[in-house]
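Structure, as structure tokens:
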Amino acid sequence: MIIFGTRGRVVAGARKGVGPCVACGQENHATYGILRYFHVFFIPFFPTAKLPAMECLHCKKALMGKEIPERLRAEIAGAVFTRGRVLPMFTGLVAAALLVAFVWVVGSQESERQEAWLRSPAVGDCYVVKLASFVKAPDSRSSHPYGVLQVAGVAGGQVELRVGNYGYPSG
């Protein structure tokens, strides 16, 4: 299964009389471009190369890239690689950016929710904490440093906690 790589797409252009063909001397040529792009699961992320090309309509002789004169190459590239034909090659990049933005927004909302929950404890809330920070435990608890604290009451900015009888290992 191919997960990522590069692919090419042929973009059709116009028919032009650009001068005599180097092989047969006829005047009519079809212009096109080859647009190479990077893909992940066949979804295009960004273009990697744009290669203008032209083909004689009589003898089918094709000229690509630097084989075409500079002036004509720039003209073909401008006509073939328009914004509407190149922008779809950024579909995956836009989708990846939207996914990252979505994950960031959801993550920040979850962090805000957790902070609000920790700032205003309610009776019955449970917290898993490192017990050594709250109570002195016998040496036997050193292999089980985590425990559950339950909020028993909240009054005047003070919180009453109940400590469970069980410890939990770190792993």
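The value for the chain of Rg(Cα) / (2.2 N^0.38 Å) is 2.16. Of the solvent-accessible surface of the chain, computed with a 1.4 Å probe over protein heavy atoms with every protein chain present, carbon and sulfur atoms account for 60 percent.
Calculated mean residue ellipticity at 222 nm for the chain: -8500 deg cm²/dmol, from DSSP H runs with n ≥ 4 weighted as -39500 (n - 2.57), summed, divided by the residue count and rounded to 500. Under 5 Å between amide hydrogens, built in the peptide plane, is the criterion, and for Leu161 it picks out Ala152 among residues at least 5 positions away or on other chains.
For Phe81, no residue whose modelled amide H falls within less than 5 Å of its own remains once neighbours fewer than 5 places apart on the same chain are excluded. The angle separating the long axis of helix 70-80 from the principal Cα axis of greatest extent in the chain is about 60 degrees. In the context of the full protein assembly, Phe41 retains an accessible surface of approximately 110 Å², using a probe radius of 1.4 Å and ignoring ligands and nucleic acids. Take the chain with all the other protein chains still there, run a 1.4 Å probe, and you get 69 Å² of accessible area per residue.
Kirkwood hydrodynamic radius computed over the range 18-102 comes to 14.5 Å, based on all pairs of distinct alpha carbons. In order along the range 162-167, the phi-based Karplus estimate (6.51 cos²θ - 1.76 cosθ + 1.60, θ = phi - 60°) of 3J(HN,Hα) comes to 10, 9, x, 8, 10, x Hz; Gly and Pro are listed as x. Distant-in-sequence amide contacts of Asp125, defined by a placed amide H-H separation under 5 Å and a gap of 5 or more residues or a different chain, comprise Val151. Between the helical axis of 91-119 and the longest alpha-carbon principal axis of the chain there is an angle of about 10 degrees. Between the residues Gly157, Gly84, His29, the greatest Cα displacement towards the positive end of the dipole of the chain, with unit charges on the Cβ of Lys, Arg, Asp and Glu, is found for His29.
The values are calculated or read from the model by the stated rules, or taken from the named source; none is laboratory data. Model, not experiment: these values are computed from the prediction. Cβ atoms come from the backbone with ideal geometry, glycine included; neighbour counts cover every protein chain shown. All accessible areas refer to the heavy atoms of the entire protein, side chains included, with ligands and DNA or RNA removed. Shrake-Rupley method; radii C 1.70, N 1.55, O 1.52, S 1.80 Å.
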